[in-house]
Amino acid sequence: MALTLALLSISLAAIAAIYLKPQEAIDVLTVKGKLVLEGKEEVVGNLVSAKLTGNGVTSFSFGEYFEANPLISIEQPTVSAKQQIWADGASYRKIAAGGVDLEDKLVASGDTLVYVVTNPSESKIGLRLSGEIQVFSWFNPDLRTKITDLAGVRFEQSDGYLKGFYRGGYCVCLASNRGLMAEVKSGQAACEVELELDAGDTFVFAVAGAVSEQEAERMVRAALDNPLGVEESRKKEVESLLEGIPSLSGVKPEYEQLWKYMWYVMLSNRVSVEGHPVLSHPFNMPSKFVFRHQWLWDSAFHAIVLAEHDVNMAEGELLNLFASQKPDGRIPHEIFLSKEFCSLFWNVNDYSPWTTQPPVIAIAVKRVIEKGGSEKFLTKAFEALDQYDKWFRSYRDADGDQLMAYVDYLESGWDNAVRWDEAVARFQESPQKYTNLYKKIRMAPVEAVDLNCFIYIQRIVLSELAERLGLRSRAEEYRNLAEETTKATRRYMWDGERGFYCDVLEEDHRLLKVKSPAAFTTLYAGIASQKQAEELVKHLLSQEEFWTRFPLPTVSADNPDYDPKGYWRGCSWINQLWLTYKGLRRYGFEAESRLLAEKALKIMASGPTCNENYDSSSGEPLGAPDFGWSTLALDLLADLAT
Ligand code: GLC
């Protein structure tokens with residue numbers, strides 16, 4: 001259906017062009033595929049990602065090892081894009097350069113990326129292209145120098161190839177079918193190609209990465225010899241990936257393309273890293289364009305979605321997290337590909353920092369088990385979560401009230417949220433007061449409402465797993481612990497005055513009166529009473545608070561610090577939407593849950609987009625494109641269809 005619509009719109013565009021301006025009839029791209037999207041620039045392979053935009057290839061990255069912006073772009077003559085169509089993983093354009101109509105395309109398959117410019121016109125054209133490649137450092141020159149030293153990064157040029165080496169990691173190799181002039185510096189290299197493109201000629205530029213230099217060079221040679229081979233192989237991959245997705249019937253036709261697109265996002269964000277000591281299973285990067293390693297709560301959300309498709313993929317995603325667990329029981333916040341990058345960012349000599357992230361793994365474990373997860377996985381999950389819960393008790397509950405605390409804003413997953421402003425300021429005023437309680441800490445400890453809902457769920461899941469494993473007394477122990485967390489949440493976090501759940505400071509249990517959608521997690525967890533739920537729903541449906549154009553801003557719109565585009569300070573995020581939607585259903589607010597889902601889905605389907613977050617007042621997609629946990633909207637679509 002989506003394909004038919006896309007093809008129809010392309011042919012309509014062709015007819016319109018001919019009908020309106022017969023004298024200038026430009027031929028339009030007629031690209032076919034199972035998933036065809038107008039204007040999409042992003043292409044991904046395994047570790048490679050890049051965009052076809054402006055005058056060439058930008059935003060290139062090769063995992064956390066190398067990056068470039070631009071990788072290769074046409075500097076002369078000036079280029080303007082006329083049309084761009086993305087089909088099954090490849091992006092195609094018609095461009096005008098120096099009075100000549102050219103076509104360019106970008107595609108990646110596995111760890112190879114190819115950029116092709118063809119000249120279908122009758123005229124010859126001279127082109128000058130240039131680009132660069134650097135060690136991955138988020139384009140921060142200070143970090144670049146340091147990582148270059150730490151990872152022994154070097155670039156070299158020989159026999160028309162430009163190569164980059166990352167010690168203990170990958171080698172990338174760049175080349176073109178028209179040669180390459182390179183200038184090599186420390187941690188970076190620049191390249192240039194000058195050529196004449198005759199009528200019918202093709203320019204091919206390829207990059208490939210592998211753990212061995214010979215393999216990277218072989219892959220580049222293969223891509224230069226047969227660029228169509230790379231394109232065909234990617235198209236086949238995407239086609240077969242789309243053929244395997246769960247089918248959807250019973251939703252409005254306007255959601256069909258979004259459904260397909262979000263599955264593409266979920267399945268093409270998967271990656272395998274060779275030789276990594278922790279990441280032995282393929283996993284999902286949150287977005288290959290911004291977040292190029294594995295995160296804790298992202299992966300739990302990914303596993304929830306993946307379990308609907310392939311329970312083994314979901315297990316693998318979580319098994320990496322279990323493999324990263326520290327001897328004290330902590331499951332770390334993230335697992336970097338590059339130890340060097342982690343050490344510069346977090347000042348630890350490890351692949352993971354000293355923090356954890358919102359403990360939502362248990363939610364994913366429950367879903368995996370419901371979808372037929374293995375007994376082996378179940379046992380492993382019990383052991384890992386049991387140790388993890390103990391860690392929380394020992395290291396995140398200084399007052400022993402069974403309400404856990406976040407001691408770092410990044411640990412909360414809500415990095416710069418308004419919810420933490422007061423706690424961060426308090427810590428900065430008198431750090432000593434808190435470093436006596438917690439060894440490493442960056443904000444006054446906050447017993448956060450969502451954190452404790454997740455802890456409650458984790459304990460319920462642990463009691464269920466223990467029951468299945470025949471561990472009766474452990475099951476009882478976790479039921480009791482869960483009960484203690486619920487009671488304390490109800491006792492301290494309900495703001496009776498305003499009828500809302502809020503975070504509290506651990507030191508005196510004072511309510512931090514910032515209204516955020518974290519409160520609705522009490523519905524998801526089943527902690528709120530029915531009466532409290534009714535009060536919460538009033539706030540949810542209020543246009544002054546959470547019922548914005550894209551609903552559920554991360555702070556209520558009546559807060560003076562609300563910024564509709566602010567990262568965790570007013571943008572809307574799909575994981576919050578998913579938790580709230582499920583919570584509403586749990587309490588019987590069926591109509592409200594549908595309204596909530598449709599309000600967001602309509603905006604997402606209009607792209608379609610699957611971005612990291614959305615401007616809550618305009619609905620504009622923001623942040624990283626093709627973002628993993630935003631595919632939780634698939635779960636909403638599946639629900640709406642039933
Ligand atoms: C940002 C978000 C965090 C998320 C990470 C990866 O840091 O604030 O919650 O886990 O990106 O997507």
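Among the listed residues Tyr406, Tyr351, Tyr395, identify the single one that is in contact with a Cys (Cβ under 6 Å, 6 or more places away or on another chain) and either more than 14 Å from the ligand (Cβ to nearest atom) or touching a residue at least 40 places away in the same chain (Cβ under 8 Å) (or both).
Sole residue among the options that is in contact with a Cys (Cβ under 6 Å, 6 or more places away or on another chain) and either more than 14 Å from the ligand (Cβ to nearest atom) or touching a residue at least 40 places away in the same chain (Cβ under 8 Å) (or both): Tyr351.
Residue by residue, here is whether (1) more than 14 Å from the ligand (Cβ to nearest atom); (2) in contact with a Cys (Cβ under 7 Å, 6 or more places away or on another chain); (3) in a helix (DSSP H, G or I); (4) within 22 Å of Leu523 (Cα to Cα) holds:
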{"residue": "Trp547", "(1), (2), (3), (4)": "yes, no, no, yes"}
{"residue": "Asn575", "(1), (2), (3), (4)": "no, no, yes, yes"}
{"residue": "Tyr581", "(1), (2), (3), (4)": "yes, no, yes, yes"}
{"residue": "Ser593", "(1), (2), (3), (4)": "yes, no, yes, yes"}
{"residue": "Leu596", "(1), (2), (3), (4)": "yes, no, yes, yes"}
{"residue": "Lys599", "(1), (2), (3), (4)": "yes, no, yes, yes"}
{"residue": "Ala624", "(1), (2), (3), (4)": "no, no, no, no"}
{"residue": "Leu632", "(1), (2), (3), (4)": "no, no, yes, yes"}
{"residue": "Leu640", "(1), (2), (3), (4)": "yes, no, yes, yes"}
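Name every residue in the stretch 124-159 that is within 30 Å of Ala97 (Cα to Cα) and at pLDDT 95 or above, in order of residue number.
Lys124, Ile125, Gly126, Leu127, Arg128, Leu129, Ser130, Gly131, Glu132, Ile133, Gln134, Gln157
If Tyr567 satisfies all but one of (1) of a type in the set (Ser, Thr, Tyr); (2) within 16 Å of the ligand (Cβ to nearest atom); (3) crowded, with 20+ Cβ neighbours inside 10 Å, what's the number of the condition it fails?
With respect to (1) of a type in the set (Ser, Thr, Tyr); (2) within 16 Å of the ligand (Cβ to nearest atom); (3) crowded, with 20+ Cβ neighbours inside 10 Å, Tyr567 is out only on (3).
Is it the case that the stretch 247-265 has a residue that's open to solvent by less than 10 Å² (accessible area, probe 1.4 Å), assigned to a loop (DSSP other than H, G, I, E, B) and within 16 Å of the ligand (Cβ to nearest atom)?
No, the stretch 247-265 contains no residue that is open to solvent by less than 10 Å² (accessible area, probe 1.4 Å), assigned to a loop (DSSP other than H, G, I, E, B) and within 16 Å of the ligand (Cβ to nearest atom).
All but one of (1) within 16 Å of the ligand (Cβ to nearest atom); (2) crowded, with 19+ Cβ neighbours inside 10 Å; (3) among the aliphatic types (A, V, I, L, M) hold for Val290, so report the exception by its number.
Looking at each condition in turn, Val290 falls short on (2).
Would you mind finding the one in Asp421, Asp399 that is within 30 Å of the chain's Cα centre (by Cα), farther than 30 Å from His281 by Cα, modelled with pLDDT of 95 or more and open to solvent by 50 Å² or more (accessible area, probe 1.4 Å)? If you could, list the steps in order and put the result at the bottom.
Numbers: Asp399 fails: within 30 Å of the chain's Cα centre (by Cα).
The conditions single out Asp421.
If a residue counts only when it is hydrophobic (A, V, I, L, M, F, W, C) and under 25 Å from Lys515 (Cα atoms), which helices (runs of 4 or more DSSP H) contained entirely in the stretch 388-491 have at least 1 such residues? So that I can check it myself, show each step before the final result.
Values: elements: 421-429, 431-435, 449-468.
Qualifying helices (runs of 4 or more DSSP H): 421-429, 449-468.
Give the residues of the stretch 475-490 that are in contact with a helix residue (DSSP H, G or I) (Cβ under 6 Å, 6 or more places away or on another chain) and open to solvent by 10 Å² or more (accessible area, probe 1.4 Å), sorted by residue number. Outline the logic, then answer.
The initial filter retains those residues of the stretch 475-490 that are in contact with a helix residue (DSSP H, G or I) (Cβ under 6 Å, 6 or more places away or on another chain), namely 475, 478-479, 481-482, 485-486, 489.
Those that are in contact with a helix residue (DSSP H, G or I) (Cβ under 6 Å, 6 or more places away or on another chain) and open to solvent by 10 Å² or more (accessible area, probe 1.4 Å): Arg479, Leu481.
Condition check: farther than 26 Å from Ala597 by Cα, hydroxyl-bearing (Ser, Thr, Tyr), surrounded by fewer than 20 Cβ atoms within 10 Å (Cβ to Cβ) and without any contact (Cβ under 8 Å) to a residue 12 or more places away in the chain. Does Ser542 satisfy that? It would help to see each step written out before you state the result.
Working: farther than 26 Å from Ala597 by Cα: no; hydroxyl-bearing (Ser, Thr, Tyr): yes; surrounded by fewer than 20 Cβ atoms within 10 Å (Cβ to Cβ): yes; without any contact (Cβ under 8 Å) to a residue 12 or more places away in the chain: yes.
Answer is no for this residue.
Identify all residues within the stretch 511-522 that are more than 20 Å from Thr548 (Cα to Cα) and assigned to a helix (DSSP H, G or I); write none if there are none.
Within the stretch 511-522, just Thr522 meets the criteria.
Considering only residues that are out of contact with any Phe, Trp or Tyr (no Cβ under 8 Å at 6 or more places or on another chain) and open to solvent by less than 10 Å² (accessible area, probe 1.4 Å), which ones fall in the stretch 545-564? It would help to see each step written out before you state the result.
Applying the first criterion (out of contact with any Phe, Trp or Tyr (no Cβ under 8 Å at 6 or more places or on another chain)) to the stretch 545-564 yields 545-549, 551, 558-564.
Listed by number, the residues that qualify are Phe546, Pro551.
With the condition kept exactly as written, say whether any residue in the stretch 313-328 is of a type in the set (Lys, Arg) and within 30 Å of Val57 (Cα to Cα).
Step one: list which residues in the stretch 313-328 are of a type in the set (Lys, Arg), which gives 326.
So of that shortlist, the ones also within 30 Å of Val57 (Cα to Cα) come out as none.
No, the conditions are met nowhere in the stretch 313-328.
For Phe283, only one of the following conditions fails: (1) without any contact (Cβ under 8 Å) to a residue 60 or more places away in the chain; (2) open to solvent by less than 10 Å² (accessible area, probe 1.4 Å); (3) over 15 Å from the mean Cα position of the chain (by Cα). What is its number?
All conditions are met except number (3).
Within the stretch 266-278, restricting attention to residues that are open to solvent by less than 20 Å² (accessible area, probe 1.4 Å) and in contact with a strand residue (DSSP E or B) (Cβ under 6 Å, 6 or more places away or on another chain), which residue is farthest from the ligand (Cβ to nearest atom)?
Across the stretch 266-278, the extreme among qualifying residues is Ser268.
Quick test of your reading of the structure: Ile363 fulfils all but one of (1) in a helix (DSSP H, G or I); (2) within 16 Å of the ligand (Cβ to nearest atom); (3) in contact with a Lys or Arg (Cβ under 7 Å, 6 or more places away or on another chain). Name the failing condition by number.
Looking at each condition in turn, Ile363 falls short on (3).
I'd like the full set of residues that are over 20 Å from Val31 (Cβ atoms), surrounded by fewer than 19 Cβ atoms within 10 Å (Cβ to Cβ) and under 28 Å from the mean Cα position of the chain (by Cα), limited to the stretch 199-246.
Val211, Gly244, Ile245, Pro246
Looking at the stretch 294-306, I want the residues that are more than 10 Å from the ligand (Cβ to nearest atom) and have a partner that is open to solvent by 10 Å² or more (accessible area, probe 1.4 Å) and modelled with pLDDT of 95 or more with Cβ atoms under 6 Å, at least 6 apart or on another chain. Which pairs are those?
Pairs that qualify, where the first residue is more than 10 Å from the ligand (Cβ to nearest atom) and the partner is open to solvent by 10 Å² or more (accessible area, probe 1.4 Å) and modelled with pLDDT of 95 or more, are Ile304/Arg367; Leu306/Met313.
May I ask you to list pairs of residues, at least six apart or on different chains, whose Cβ atoms are under 6 Å apart, with the first in the stretch 357-379 being under 13 Å from Glu464 (Cβ atoms) and open to solvent by less than 50 Å² (accessible area, probe 1.4 Å) and the second being of a type in the set (S, T, N, Q) and more than 16 Å from the ligand (Cβ to nearest atom)?
Ala362/Gln458
Run Asp508 past the list (1) exposed (fewer than 15 other Cβ atoms within 10 Å of the Cβ); (2) in a helix (DSSP H, G or I) and report the number of the one that doesn't hold.
Just one mismatch for Asp508, condition (2).
Scan the stretch 551-573 for residues that are under 13 Å from Asn611 (Cβ atoms) and in a loop (DSSP other than H, G, I, E, B) and jot them down. Spell out the reasoning first.
Let us first name the residues in the stretch 551-573 that are under 13 Å from Asn611 (Cβ atoms), namely 565, 567, 571-573.
The answer is Lys565, Tyr567, Cys571, Trp573.
How many residues are away from the ligand (no atom under 13 Å from the Cβ) and surrounded by fewer than 24 Cβ atoms within 10 Å (Cβ to Cβ) if we restrict to the stretch 612-622? Give the derivation first.
Narrowing the stretch 612-622 to residues away from the ligand (no atom under 13 Å from the Cβ): 614-621.
In the following step, the residues that additionally are surrounded by fewer than 24 Cβ atoms within 10 Å (Cβ to Cβ) were identified as 615, 617-621.
Adding up the residues that qualify gives 6.
The values are calculated or read from the model by the stated rules, or taken from the named source; none is laboratory data. Keep in mind the model is a prediction, meaning the values are calculated, not measured. Positions of Cβ are generated from backbone atoms using ideal geometry, with glycine treated the same way; all protein chains shown enter the neighbour counts. Accessible surface is based on the protein model in full, side chains and every heavy atom, while ligands, DNA and RNA are left aside. Shrake-Rupley method; radii C 1.70, N 1.55, O 1.52, S 1.80 Å.
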